[in-house]
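Rule-based calculations on the coordinates, nothing more; no lab input. Bear in mind the structure is a predicted one, so any value in this text is a computation, not a measurement. All Cβ positions, even for glycine, are placed from backbone atoms using ideal geometry, and neighbour counts span all protein chains on display.
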Amino acid sequence: MTAPSLLAGSLTGAPPARYPIEAWQSLDERFDRYMLFNSPLERHWSGGLWLEGPAWNAVGRYAVFSDIPRARQMRWDEATGEVSVLRHEVGHSNGNAFDAQGRLIACEHSPARVVRYEWDGSLSVLVDQFDGKRLNAPNDLVTLKDGGIIFTDPGYGAHVDYEGHRRDLEVDTAVYFWEDGMEQPKVLTTELYKPNGIALAPDGQTLYVTDTAPSHHPDQPATINRFTLTDGGKRLDKAHRLVSSESEGYDGMTIDMDGNLWVGTSGGEGVDGVSVFSPDGKRIGRILLPEVCANVCFVGDDRNRLLMTASQSIYTLYTGARGA
């Protein structure tokens, strides 16, 4: 029997495409150092309904992300590239993050709450109300080194029976702080219309929050806002609107070691994908995708591989940046 030919096996691959890829778009020379001309844009899996909330686990070499309408947490394995269901019926989970002790913390839309998965596999409900009223639908979060968390609560999971269950919002849309021992979260700001994605800069003191205001306030722009954390994260100071747009939307984001923001962006062909903004708020580059990108995180040994949850699919792209 003749051994199979390795050359013949290569013919089963995908149809040829233009290479190097055309996903990179440099708008400022500061972005050129992050572009790897021969780094392929890889789509690892497709079949989600609305994918969100990627979080990297360096010990397990995997990323968690959410398929919100199906109420599933998904798992992408870096070594094999395989995607599987990690948990199902998770309350229309959205944003995910690992705390300093390696525990997974997740924002859920319905029931509206923030939960933590303990080392023994049990579930702890951290926050589900404010002033005796239900939260709207916690969306995204960051974890602080001392154990506190900051999360956004815009209410998207309460607007239609798709990413949660429709109901009236009972509290203002807000950004909250919480830590163990608190009976209810502390409101940090209610100034944003739809506080959505959130990210913490390498200095541990600069916080960024996107506002997807146009979804329910069409007279307002989409914005990226910068704050300074004080009092151990229990207070926001020096509010500053860093980016504003009436033509595109900004969702989840991550930050590299140089302080640049890599932001999931929507707005149609030529816009959908990731926008990269310098710390001074100037867009220096884009990564163009064939789908709206909801959220991003850096993964891998060197934290130089950008993982993007984009509508139905997840993509990765090696970069010249390192995640903070």
**Message:** When a/c reaches 1.5 or more, the comparison of a/b and b/c decides; with that in mind, is region 45-86 rounded, prolate or oblate per its Cα gyration tensor?
**Reply:** prolate
**Message:** Residue by residue through region 71-78, what is 3J(HN,Hα) from phi via Karplus (6.51 cos²θ - 1.76 cosθ + 1.60, θ = phi - 60°)? Round to whole Hz and write x for glycine and proline.
**Reply:** 6, 10, 9, 10, 9, 9, 8, 5
**Complete:** Taking the chain and counting helices only, DSSP H stretches of n ≥ 4 at -39,500 (n - 2.57) each over all residues, the nearest-500 ellipticity at 222 nm comes to 0 deg cm²/dmol
**Item:** Exposed-loop-free span, longest in the chain, where trypsin sites (Lys or Arg not before Pro) count as exposed if DSSP calls them loop and at most 16 other C-beta atoms lie within 10 Å
**Value:** 168-233
**Prompt:** Which number gives the lysine pairs in the chain that have C-alpha atoms under 20 Å apart and are eight or more places apart or on different chains?
**Reply:** 9
**Item:** region 73-131: GluC sites (Glu not before Pro) in DSSP coil with no more than 12 other Cβ atoms inside 10 Å
**Value:** 82, 89, 118
**Fill in**
With a ≥ b ≥ c from the Cα gyration tensor eigenvalues, square-rooted, and the rule rounded for a/c under 1.5, otherwise prolate when a/b > b/c and oblate otherwise, region 230-324 is oblate
**Item:** In region 114-220, chymotrypsin sites (Phe, Trp or Tyr not before Pro) in a DSSP loop with at most 11 other beta-carbon atoms within 10 Å
**Value:** 119
**Fill in**
For region 23-318, shape from the Cα gyration tensor axes a ≥ b ≥ c, cut at a/c of 1.5 then a/b versus b/c, turns out rounded
